[in-house]
Amino acid sequence: MANLHILDHPLIQHKLSLIRDKNTGSKDFRDLVEEVAMLMAYEVTRDFSLQDVEIETPVAMATTKMISGRKVGLVPILRAGLGMVAGMLRLIPAAKVGHVGLYRDPETLKPVEYYCKLPPDVEERDLIVIDPMLATGGSASAAITFLKQRGARNIKLMCLIAAPEGVEAVDRVHPDVDIFVAAVDKHLNEHGYIVPGLGDAGDRLFGTK
Ligand code: PRP
Ligand code: URA
């Protein structure tokens, strides 16, 4: 699939294994999710364009490169997406952060919206939707649809772990969206959990059940 990018950097894969481990407690889980999000942000921003700038080093004048003023928006899907925000902001500190609140109905597995607050100039920004888990794809797909309804055009999706079903679902509805993941796992189980996955990302981040 042309718009699926699997980020297989050894540091990302190593930390992802620790994140998956059921014996990793909430504090380490949170720290690792933040670190992996930061490492993934490095790849997700690889296509940012550069412009020449003139600077003076202690030795000489030089023409060097800087990012050419693209405005970025991060859009975590509540709740679990919140765990990835701080890591990304360490690399992209000027990004504005919008929030889309969705939870997956445990019976129907369909996303239910409960919150949406976006930067006012959302249509001018390059948006990166973030959520650790892409399972059925319902939540990510709905979040991207909300953003498009509010005028957003340039959207990427970044998740730690995806199921093949979720990647296909998002690609079917939003073929214009590049999807960045650290791993594509085997399948979904009968409860809509990714196998082997990491369990419930929100519960592990926030210590709930
Ligand atoms: C999880 C996860 C995604 C969604 C993925 O959130 O963080 O948002 O499920 O599933 P899907 O691809 O099948 O839609 P959840 O609904 O558990 O809410 P939470 O983040 O508040 O825990
Ligand atoms: N949401 C999660 O948190 N984990 C899964 O495996 C699927 C959906």
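Only the coordinates and a few stated rules stand behind these numbers; no lab work does. Just so it is clear, the model here is predicted, and its values are computed rather than measured. Cβ coordinates were reconstructed from backbone atoms using ideal geometry, including for glycine residues, and neighbour counts include every protein chain displayed.
Among strands (runs of 3 or more DSSP E) entirely within region 21-136, having at least 1 residues that are aliphatic (A, V, I, L, M) and either away from ligand 2 (no atom under 16 Å from the Cβ) or surrounded by 22 or more Cβ atoms within 10 Å (Cβ to Cβ) (or both) singles out 50-56, 61-67, 72-78, 99-104, 126-130. Of everything in region 192-207 that is without any contact (Cβ under 8 Å) to a residue 60 or more places away in the chain and more than 8 Å from ligand 1 (Cβ to nearest atom), the residue that is nearest to LEU16 (Cα to Cα) is VAL195. Within region 181-201, the set of residues being crowded, with 21+ Cβ neighbours inside 10 Å, touching a helix residue (DSSP H, G or I) at 6+ places or on another chain (Cβ under 6 Å) and not in a loop (DSSP other than H, G, I, E, B) comprises ALA182, ALA201. Tell me, yes or no, whether region 65-77 has at least one residue that is touching a residue at least 24 places away in the same chain (Cβ under 8 Å), touching a helix residue (DSSP H, G or I) at 6+ places or on another chain (Cβ under 6 Å), more than 22 Å from GLY137 (Cα to Cα) and among the hydrophobic types (A, V, I, L, M, F, W, C). Looking through region 65-77, none of the residues is touching a residue at least 24 places away in the same chain (Cβ under 8 Å), touching a helix residue (DSSP H, G or I) at 6+ places or on another chain (Cβ under 6 Å), more than 22 Å from GLY137 (Cα to Cα) and among the hydrophobic types (A, V, I, L, M, F, W, C). Quick check on ILE144: is it part of a helix (DSSP H, G or I), more than 15 Å from ligand 2 (Cβ to nearest atom) and in contact with a strand residue (DSSP E or B) (Cβ under 7 Å, 6 or more places away or on another chain)? Spelling it out, ILE144 is indeed part of a helix (DSSP H, G or I), more than 15 Å from ligand 2 (Cβ to nearest atom) and in contact with a strand residue (DSSP E or B) (Cβ under 7 Å, 6 or more places away or on another chain). Of all residue pairs spaced 6 or more apart or on separate chains, those with beta-carbon atoms under 9 Å, a first member in region 126-150 that is more than 20 Å from PHE206 (Cα to Cα) and a second member that is of a type in the set (Phe, Trp, Tyr) are ASP126/PHE48; ILE128/PHE180. For region 192-209, filtering for residues that are among the aliphatic types (A, V, I, L, M) and near ligand 2 (Cβ under 6 Å from one of its atoms) leaves 2.
All conditions but one from (1) within 9 Å of ligand 1 (Cβ to nearest atom); (2) outside any loop (DSSP other than H, G, I, E, B); (3) surrounded by 14 or more Cβ atoms within 10 Å (Cβ to Cβ) apply to ILE161; the one that does not is (1). Scanning region 164-175 for residues that are more than 11 Å from ligand 2 (Cβ to nearest atom) and either in a helix (DSSP H, G or I) or of a type in the set (Asp, Glu) (or both) turns up PRO164, VAL167, GLU168, ALA169, VAL170, ASP171, ARG172, VAL173.
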